[in-house]
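Computed from the coordinates by the stated procedures, all read-outs in this text should not be read as laboratory data. What you see is a predicted model, and the numbers here were worked out from it, not measured in a lab. So basically every Cβ, Gly included, is an ideal-geometry build from the backbone, and we count neighbours across all protein chains shown.
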């Protein structure tokens, strides 16, 4: 299977990301699904779609579990088998992996995969507690740990070991807000200054408000099929050529490295090998910048640079639009927003737009190969996917 | 007595309540688990013995939490860090009894077993923390 397409993406959908007042998760998911259906007139959803996988992290937000069935119901998929996957912030990255397996197994020819989260109607303190559930309860949450706190532990370790600075982290925030300003679906579409990022209030030192991703409502979806059937639905399919998923200890304190997300490294190695591409082949990437330090570490884990060189990569502007390897052209979790369950397939949505030349003002010229990197919790789950123009 | 106690998180915290930091040593492969687990993740043995672990160690990394969960809000800002104990095992805890700006990676810390009663049905675990050694 090395280098050959695993599956093809024939359509994609994304709701507006932001504070979507008065809407329920299922209604936001329907908005994303409608776009995917409209983009692919040759697809008859009721007849063609044979399975649905939905990433969703928290039933606490809306007091609603059983997300697979709920979403299938609201998009008119009747008796189609619908399954929710939960892997914290990597819920829809894991859903994508499951959907690929469903197609590859031969059990389902056409599969819809997506994710959804409705978060902004809850007070920030509650959202903080729901998000912390992705970490270890008896030895992290119990002792007063928070989610930003876990990434702050990695940031402090990275700064100590490699001389990475708060300024490097702020530069990532500035870059992603600039990219977000070019994305009409992003939650925040305004640029910020380095000074504003550096002087924003401390959340978990050394991480400040502008180092953190946004609490956002949103949904995303993709329609996958076999490479053989893809042209029945579209003239411009995008192939997924590499898929890696890996795990690690639930507690950050037990990990061998605190300056790297080892699960992401392992997943990336598998995906690169399967796709038969090297890091320098990647034209555009969407990485999991739940915190700015997470994006900096992702540069190193994905081998866009060597260990400890993430700071100089952002300093040289190489990950900005126009740079050598533009990262998070959508604005990332930082500016586009992070509706947790929707994030993994929302990353794939952006790569689809880039590889089909539909990314408008944020288009990476001649992008042919793309990558997504989706991390759950502090790194107990990671998925990496590689995409190529068919 | 503790030889027969189950190698569980519940039991770990019972020991903390008694002012002791105990891990579970797998009698088959020798791996020490902190916290203890009932199944060795290395050799899948279920045979363990309790082993006392020195509660002194060095700070590996830390953060200062300013935005805290509801029940910790009155303590914020507070420091939390990962501490590497004498035998290479690591554990996370709050760092108290030291000015926040004096906290440094590499500093020597020891566990403070000072317990606080928790008024809730579950869990009723105590809370340990670290202080300068």
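On full extension, the segment bounded by residue A:74 and residue A:231 gains 53.7 nm, given 0.36 nm per residue less the C-alpha separation. Extension gain, residue A:360 to residue A:161: 0.36 nm times the residue separation minus the Cα-Cα distance gives 67.7 nm.
How much length would be gained if the chain were fully extended between residue B:17 and residue B:70, taking 0.36 nm per residue of separation minus their Cα-Cα distance, in nm to one decimal?
16.7 nm
Using the average count of surrounding beta-carbon atoms within 10 Å as a protection proxy, the listed peptides B:96-104, B:26-34 rank, highest first, as B:26-34, B:96-104. Helix A:166-180 and the long axis of chain A differ in direction by around 30°, with both axes built from C-alpha atoms. Cα centroids of segment B:95-114 and segment A:171-201: 36 Å apart.
Per residue of chain B, the DSSP helices (runs of n ≥ 4 H) give a summed -39500 (n - 2.57) that works out to -2000 deg cm²/dmol at 222 nm. Take the Cα of residue B:29, step 7 Å toward its Cβ, do the same at residue B:133, and the gap between the two points is 2.9 nm. How tilted is helix A:91-104 with respect to the longest principal axis of chain A? Cα atoms for both, answer in degrees (0 to 90, nearest 10). Once rounded, one gets 40 degrees. Residue by residue along A:133-143, Cβ atoms of other protein chains within 10 Å of the local Cβ number 4 on average. Once the Kirkwood radius over Cα pairs is known for segment A:11-132, the Stokes-Einstein relation at 10 °C and 1.306 mPa s delivers a diffusion coefficient of 107 µm²/s.
Report note on the peptides A:341-347, A:254-260, A:42-48, A:69-75: ranked by the mean count of other C-beta atoms within 10 Å, highest first, their order is A:341-347, A:69-75, A:254-260, A:42-48. For A:158, B:66, the sequence from fewest to most other C-beta atoms within 10 Å is B:66, A:158.
Going from the alpha-carbon gyration tensor of segment B:19-133, what semi-axes, largest first and in whole Å, does one get by taking the root of 5 times each eigenvalue?
Details: eigenvalues 157, 67, 28 Å².
After diagonalising the Cα gyration tensor, the semi-axes are 28, 18, 12 Å.
Computed from Cα atoms, the angle from the helix A:292-301 axis to the main principal axis of chain A rounds to 70 degrees.
Estimated purely from DSSP H runs of n ≥ 4, each contributing -39500 (n - 2.57), the mean residue ellipticity at 222 nm for chain A is -10000 deg cm²/dmol once divided by its residues. Modelled this way, with points 7 Å down the Cα-to-C-beta line, the labels at residue A:194 and residue A:126 are 4.1 nm from one another. Over chain A, one equal point on each Cα, no solvent: what is log10 I(q)/I(0) by the Debye formula at q = 0.13 Å⁻¹? Rounded to two decimals, the profile gives -0.98.
Residue by residue along B:31-44, Cβ atoms of other protein chains within 10 Å of the local Cβ number 1 on average. Other chains near B:67-74: what is the mean number of their Cβ atoms within 10 Å of each residue's Cβ? Mean partner shielding for this stretch: 5.
Once a ≥ b ≥ c are taken as the square roots of the eigenvalues of the Cα gyration tensor of segment A:239-344, is the result rounded (a/c under 1.5), prolate (a/b larger than b/c) or oblate (a/b not larger than b/c)? Rounded, because the longest to shortest axis ratio a/c is under 1.5. Scattering from segment B:9-52 was approximated by placing one identical point on each alpha carbon and applying the Debye formula without solvent; log10 I(q)/I(0) at 0.28 1/Å stands at -0.91.
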